[in-house]
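Before any comments, here is the structure.
The values are calculated or read from the model by the stated rules, or taken from the named source; none is laboratory data. Values in this document were obtained by computation on a predicted structure and should not be read as measured data. Counting neighbours? That spans all protein chains shown, and the Cβs are built from the backbone with ideal geometry, glycine included. Heads up: the accessible areas ignore ligands, DNA and RNA and are worked out on the full protein's heavy atoms, side chains in. Shrake-Rupley method; radii C 1.70, N 1.55, O 1.52, S 1.80 Å.
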Amino acid sequence: VDGDTELYLLTRKGVRKLTDNTIPDEYPVFSPDGTRILYMTKPGKTWKLNFYFLKKGTSAVAVELQDKNTYYPAWSPDGKSIVFATDVWGSSELVRYTLKTKKITRITDTIGKNSLPDCSPDGKTIVFTGNRALGWHIYKVALKTGKIEKLTHKRGNCRPHYSPDGQWIAFVSKSDGKSDI
């Protein structure tokens, strides 16, 4: 609306602008308790993650890894940690960040790129978009074992999300040439 991407909140009462600056603010995700929004922002050369506190109407840095990108966040079901992609190790890998201890745990260590994670409702697995030089596919990783399973077989799939009961995974597929869910 004003020349860059901002965060807006749409409710029954109308639309409320949450951020108002000259930098991109993108990919908002609500905390499980609905009190915070985690989002990507780019104040300089790299993407950072910020929290937006709904009651206070303020933002604060969530995660900043020096001059490395942190992007495409997801919340754990209990709200105690977040999962996101980062290029700390060169290629895009997934990590878990525990909010209380500020500890980072690497989830993936693969050839190719890993991004766009979503945590299962039981917190045991993460689905994500991965590219292993064969095109974009949907993968699932078990957090306890680190075992990665490829879920799609035609290339051109991304943005997976678990259903609330964890029984289904919805994703965008462009395998037939047009984007469908």
### Message
Can you give me the % of accessible surface on the chain that is carbon or sulfur? Probe 1.4 Å, all protein chains present, nothing else counted.
### Response
54
#### Entry: With at most 10 other Cβ atoms within 10 Å, longest stretch of the chain clear of loop trypsin sites (Lys or Arg not before Pro) (DSSP)
57-99
### Cα-based Rg of the chain normalised by 2.2 N^0.38 Å, two decimals
1.04
### Query
Roughly how many whole Å is it from the C-alpha centroid of segment 142-165 to that of segment 1-26?
31
### Query
Using a cut-off of 21 Å between alpha-carbon atoms, which lysines can reach residue 174, once sequence neighbours fewer than 8 places away in the same chain are excluded?
113, 140, 150, 154
### Two-site FRET efficiency, residue 147 against residue 1, from Cβ-Cβ distance with R₀ of 41 Å, rounded to 0.05
0.40
### All-pairs Cα distance distribution in segment 1-95, expressed in whole percent, bin size 10 Å
16, 48, 30, 6, 0
## Note on the structure
Here the Kirkwood hydrodynamic radius of segment 55-127, Cα-based and in Å, equals 12.9
### Message
Before I look further, what does the chain give for accessible area per residue, probe 1.4 Å, in whole square angstrom?
### Response
59
### Task
Only Lys, Arg, Asp and Glu count, each charged at its Cβ (+1, +1, -1, -1), so figure out the dipole size of the chain about its Cα centre, rounded to 20 debye.
360
### Task
For segment 78-178, count all C-alpha to C-alpha pairs, find those more than 16 Å apart, and express that count as a whole percent of the total.
55
### Summary
Placing +1 on each Lys and Arg Cβ and -1 on each Asp and Glu Cβ in the chain, then taking the dipole about the Cα centre, the residue among 105, 116, 7 whose Cα reaches farthest towards the positive end is 105
### Query
Measuring from label point to label point, each 7 Å out along Cα→Cβ, what is the residue 53 to residue 168 span in nm?
3.8
